Amino acid sequence: MELELQQFAWAGAAISAWAALTLGIYIRTQFQRRDAEPAEVPVDDTSEPATLVLWASQTGFAEDLALRTGRALRDAGVNTRILPLATITNDQIVGTKAALIIASTTGEGDAPDGADRFLQRDLPALQGLEYALLALGDSSYVNYCGFGHKLDRLLRAKGAHPLTDMIEVDNGDVGALHHWQQQLWLFGGSRAEPDWAPPEYGAWRLVRRDHLNPGSAGKPAYHIRLEPQGDLPNWIPGAIAEIYPGPAEPILTGGEAPTLPHREYSIASLPGDGGIELVIRLRHLEDGTYGLGSGWLCNEAPIGAAIGMRLRANSGFAPPADDVPMILIGNGTGIAGLRAHIKARPAGTRNWLIFGERNSAHDSLLGTEIAEWIASGHLERCDLVFSRDGEGPRYVADQIDVAQDEILTWVMAGGAIYVCGSLSGMAGDVDTTLARILDREILDDLVDQGRYRRDVY
């Protein structure tokens, strides 16, 4: 019997190894075919080397600023190429004389998905390169703009010459963005371009606030619904809601400038729902106060209060084609970003949800809705993992490990993996587990193909 079990274990390992090898060949073949197609980046018809505008973005803000930067340079007649930092080649960066880099930082100094490979690459000497670096971050983190600082150190070490000191942008600070604009003339931009300004906040109203986890040992989570006071804008799954975390009347009707930094949340609804829905956990700070955004929406703003909000597209978490199988992975309030994707999927599509929380009795966030998706077959598979129940896998990454053969099968069928939730803990553990199951190089290829996307915070 022991021999049979050993043979079975060896057979299973061999099958998994064969599947991983086959998956690698399949993914690289698909990537090479796509990579062989002509690039869709417009290049001016000139013999002058293009100025590169490179971006590394997690939620789409850095990408948006890169597009604005590139547009401003092109309007001034500068030959410009706009590219993701993760895909730039050594030949491309050696072949230019100037680069402007817009780089966000996630969590405690981490790179956006895929961009860390630039740091690990064997870069050539860059003595002929002049550059400027715009680093986006949140000063509430210890390693503020950490990825931007790593890039700056690397470029200097390779001999590149900064034309200006690195500019740090704390939570979209408008003054820092204007300072960046003023530096574009060093690369041929115009001094006369109007100052960039963030979109104005729209007027919304708080119409519902449901406590989702009464009795939970964890922090309270709320299902928030906001409805527009004017026309309903359009958005697609993955979009971000930027909330003004305080009384909105002065900025909406009084013409006052916002005095508080905005807070960002994954949108859990679709335009067809008639409003914006969010899932927010009330954050408790060490001094006994609440988090700025969560405190406002979950505790302080009365029902019926005016809320200042604007929407931002997030191409990094945009939906795949309907015929692409989706593996949706998340925990806690990450159900918000996953919910929008699941709701948008047509009947008959292949959808698999892997979701984790603390306790099934008190923390089944949107549990009724998930049960309806299961009963209707909208979810082909659903794995719910509760870390405090004491049965089966304790965390999301553990469940991924248990289901690794099925995950391989879905990915080999062209499936995409979407992760939404906490960067600390869940997302990191999931990434490590997926890299072990699929191979890190294959997972990087999935990032390049848009088949591994994350909205993590």
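The values are calculated or read from the model by the stated rules, or taken from the named source; none is laboratory data. Just so it is clear, the model here is predicted, and its values are computed rather than measured. Virtual Cβ from ideal backbone geometry, glycine too; neighbours counted across all protein chains shown.
Residues are listed down the side, and each one gets a yes or a no for (1) at pLDDT 95 or above; (2) touching an Asp or Glu at 6+ places or on another chain (Cβ under 6 Å):
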{"residue": "Arg208", "(1), (2)": "yes, no"}
{"residue": "His223", "(1), (2)": "yes, yes"}
{"residue": "Leu226", "(1), (2)": "yes, no"}
{"residue": "Leu232", "(1), (2)": "yes, no"}
{"residue": "Ile240", "(1), (2)": "yes, yes"}
{"residue": "Glu249", "(1), (2)": "no, no"}
{"residue": "Glu256", "(1), (2)": "no, no"}
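Residue count for the range 409-426 satisfying the condition of being of a type in the set (Ser, Thr, Tyr), in a loop (DSSP other than H, G, I, E, B) and in contact with a Lys or Arg (Cβ under 8 Å, 6 or more places away or on another chain): 0. Has the range 73-86 got any residue that is closer than 16 Å to Leu154 by Cα and surrounded by 17 or more Cβ atoms within 10 Å (Cβ to Cβ)? Scanning the range 73-86, I find at least one residue that is closer than 16 Å to Leu154 by Cα and surrounded by 17 or more Cβ atoms within 10 Å (Cβ to Cβ), so the answer is yes.
Within the range 35-42, one or more residues are in a helix (DSSP H, G or I), closer than 23 Å to Arg451 by Cα, of a type in the set (A, V, I, L, M) and modelled with pLDDT under 90. In the range 170-181, the residues that are farther than 15 Å from Arg263 by Cα reach residues that are among the acidic types (Asp, Glu) and exposed (fewer than 15 other Cβ atoms within 10 Å of the Cβ) with C-beta atoms within less than 7 angstrom, at least six apart or across chains, in these pairs: His178/Asp195; Gln181/Asp195.
Thr289 meets the conditions (1) surrounded by 15 or more Cβ atoms within 10 Å (Cβ to Cβ); (2) farther than 20 Å from Glu357 by Cβ; (3) among the polar types (S, T, N, Q) in every case but one. The failed one is (1). Just one of the listed residues (Ile329, Ile342) is under 18 Å from the mean Cα position of the chain (by Cα) and under 21 Å from Asp431 (Cα atoms), and it is Ile329.
Just wondering, is there one or more residues in the range 135-157 that are farther than 26 Å from Cys420 by Cα and among the polar types (S, T, N, Q)? There is no residue in the range 135-157 that is farther than 26 Å from Cys420 by Cα and among the polar types (S, T, N, Q).
Residue-level analysis places Asn90 outside the set of residues that are touching a Gly at 6+ places or on another chain (Cβ under 9 Å), in contact (Cβ under 8 Å) with a residue 12 or more places away in the chain, farther than 20 Å from Asp64 by Cα and not aromatic (Phe, Trp, Tyr). Would you please name the residue that is nearest to the chain's Cα centre (by Cα), looking only at residues in the range 97-113 that are surrounded by fewer than 21 Cβ atoms within 10 Å (Cβ to Cβ) and either of a type outside the set (Asp, Glu) or at pLDDT 95 or above (or both)? Among those residues, the one meeting the criterion is Gly107.
Going through (1) surrounded by 12 or more Cβ atoms within 10 Å (Cβ to Cβ); (2) among the hydroxyl-bearing types (Ser, Thr, Tyr); (3) farther than 23 Å from Val456 by Cα one by one, Ser266 falls short only on (3).
The set of residues in the range 121-143 being closer than 13 Å to Gly172 by Cα, surrounded by fewer than 21 Cβ atoms within 10 Å (Cβ to Cβ) and of a type outside the set (D, E, K, R) consists of Ser139 alone. Starting from residues that are more than 21 Å from Gly428 (Cα to Cα) and charged (D, E, K, R), keep the ones in the range 345-364 and report whichever is farthest from the chain's Cα centre (by Cα). Ranking the candidates gives Asp363 first. If you filter the range 247-262 down to residues that are in contact (Cβ under 8 Å) with a residue 60 or more places away in the chain and within 12 Å of Tyr201 (Cβ to Cβ), you find that the one that is surrounded by the most Cβ atoms within 10 Å (Cβ to Cβ) is Ala248. For the range 155-187, filtered to residues that are surrounded by 15 or more Cβ atoms within 10 Å (Cβ to Cβ) and of a type in the set (Gly, Ala, Ser), the residue that is nearest to the chain's Cα centre (by Cα) is Gly172.
Pairing each residue of the range 383-399 that is outside any strand (DSSP E or B) with any residue that is of a type in the set (Asp, Glu), provided the two are 6+ apart or on different chains, yields C-beta distances under 6 Å for Ala397/Asp429; Gln399/Asp383. Here is the figure for the range 109-145: residues that are within 22 Å of Gln183 (Cβ to Cβ), outside any loop (DSSP other than H, G, I, E, B) and free of Cβ contacts under 8 Å to residues at least 60 places away in the same chain total 6. Of the strands (runs of 3 or more DSSP E) lying entirely inside the range 203-322, those containing at least 1 residues that are of a type in the set (D, E, K, R) and more than 30 Å from Arg350 (Cα to Cα) are 221-228, 240-243, 263-266, 306-312. Counting only residues that are closer than 18 Å to Glu277 by Cα, not basic (Lys, Arg) and not in a helix (DSSP H, G or I), the range 323-347 holds 2 of them.
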